[in-house]
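Colleague: Once you've had a glance at the structure underneath, I'll fire off some questions.
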Amino acid sequence: MIETERLILRPFLESDATDVLEYLREPTVNCFASMKLNSLEEAKAKMKSQVSETEYYFAIVLKETGKVIGEIDAYPERGEPHDTSLPLDTFSPCWMLNADYQGKGYAYEAAHAFFDYLFREKGARRIYAYTEDYNLSSQHLCEKLGMRREGLFIEFVSFVNNPDGTPRYENTMQYAILKKEWHG
């Protein structure tokens, strides 16, 4: 569990299903389209499968009310995937916030605490993030966290299809920060 001034980052509980359904009924950006939930039953099943994720996958919870307003996660990977002699010291976080709670500084508060946790507790050397070129709020968050923009990948990945059924490829920005650059 990670605690901030207004938030608690903690593993998911089965009882979080209703709150999670609120923000996954209509994901706000295409990269979360595959996570869409259509019913409370689907949300309950998702929560059941997530309760064992206790180290790198957290619910973002309002301290004052106990409401889950989003999630943040990242899993360790090697700087070079095929060289197993290298440590698992690179992380690519993903964050998502209920649209009703955006613009209040919660995403920054959660991500800052999570980055600090990854650098200080989990041995992160490098944290990188991808965001769509149209997702200006996520880009702003990356910059506010001290990440540098490392590149723009043109037509990098597809999460959804065009009306004619062909893949809609997204332009994707990559941001990153190294442990030695972190001023948590």
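The values are calculated or read from the model by the stated rules, or taken from the named source; none is laboratory data. This structure is a prediction, so every number in the text was calculated from the model and none was measured. We place every Cβ from the backbone using ideal geometry, glycine too, and count neighbours over all the protein chains shown. Keep in mind that these areas ignore ligands, DNA and RNA; they rest on the heavy atoms of the full protein, side chains included. Shrake-Rupley method; radii C 1.70, N 1.55, O 1.52, S 1.80 Å.
Colleague: Take the Cα of Ala99, step 7 Å along the line toward its Cβ, and report every residue of the stretch 134-155 whose backbone nitrogen sits under 16 Å from that point.
Modeller: What the label zone holds, given the 16 Å backbone N cut-off, is 135-138.
Colleague: Something else: Quick one: length gained pulling Thr65 to Asp133 fully straight, 0.36 nm per residue minus the C-alpha distance?
Modeller: Gain on extension, Thr65 to Asp133, equals 21.1 nm.
Colleague: Ok, one more. Which entries in Lys48/Lys122; Lys46/Lys180; Lys46/Lys144 show an alpha-carbon gap greater than 28 Å?
Modeller: Pairs exceeding 28 Å: Lys46/Lys180; Lys46/Lys144.
Colleague: Let me check something: with ligands and nucleic acids excluded, how do Met147, Met35 order by accessible area (1.4 Å probe), largest to smallest?
Modeller: Of Met147, Met35, the descending order of accessible area is Met35, Met147.
Colleague: Applying the Karplus parametrisation 6.51 cos²θ - 1.76 cosθ + 1.60 with θ = phi - 60° to the phi angles of the stretch 113-129, what ³J(HN,Hα) value in whole Hz is obtained for each residue in order, glycine and proline being reported as x?
Modeller: Result, rounded to whole Hz: 5, 5, 4, 4, 4, 5, 5, 7, 9, 10, x, 5, 9, 9, 10, 10, 9.
Colleague: Tally Lys/Arg at +1 and Asp/Glu at -1 over every other residue whose Cβ is under 10 Å from the Cβ of Gln50; what's the total?
Modeller: Working: positive: Lys46, Lys48; negative: Glu14, Asp16, Glu53, Glu71, Asp73.
Residues close to Gln50 contribute a combined charge of -3.
Colleague: Just the ratio, please: alpha-carbon radius of gyration of the chain over 2.2 N^0.38 Å, N its number of residues.
Modeller: Here the Cα radius of gyration is 1.04 times the empirical estimate.
Colleague: Per residue, how much accessible surface does the chain expose to a 1.4 Å probe? Answer in Å², no decimals.
Modeller: Dividing the accessible area of the chain by its residue count gives 53 Å².
Colleague: What relative contact order, as a whole-number percentage, does the stretch 117-173 give when Cα pairs under 8 Å and 6 or more residues apart are counted? Don't skip to the end; give the middle numbers.
Modeller: On the way: 57 pairs, mean separation 18.9, N = 57.
Here the relative contact order equals 33 percent.
Colleague: Still on this model: Can you list residues from other chains, or at least 5 along the same chain, whose modelled amide H is less than 5 Å from the amide H of Ser158?
Modeller: Close amide H contacts, sequence-distant or interchain: Glu170.
Colleague: Please report, in debye to the nearest 20, how large the charge dipole of the chain is about its Cα centre when each Lys and Arg carries +1 at its beta carbon and each Asp and Glu carries -1 there.
Modeller: That gives the chain a dipole magnitude of about 360 debye.
Colleague: Please compute the length gained on full extension between Tyr75 and Arg148, using 0.36 nm multiplied by the number of residues separating them and subtracting their Cα-Cα distance.
Modeller: Taking Tyr75 through Arg148 to full extension adds about 24.2 nm, to one decimal.
Colleague: How large, in percent, is the carbon and sulfur part of the accessible surface of the chain at a probe radius of 1.4 Å?
Modeller: C and S fraction of accessible area: 50 percent.
Colleague: Using 0.36 nm per residue of separation minus the Cα-Cα distance, give me the extension gain between Arg168 and Arg25 in nm, one decimal.
Modeller: 49.4 nm
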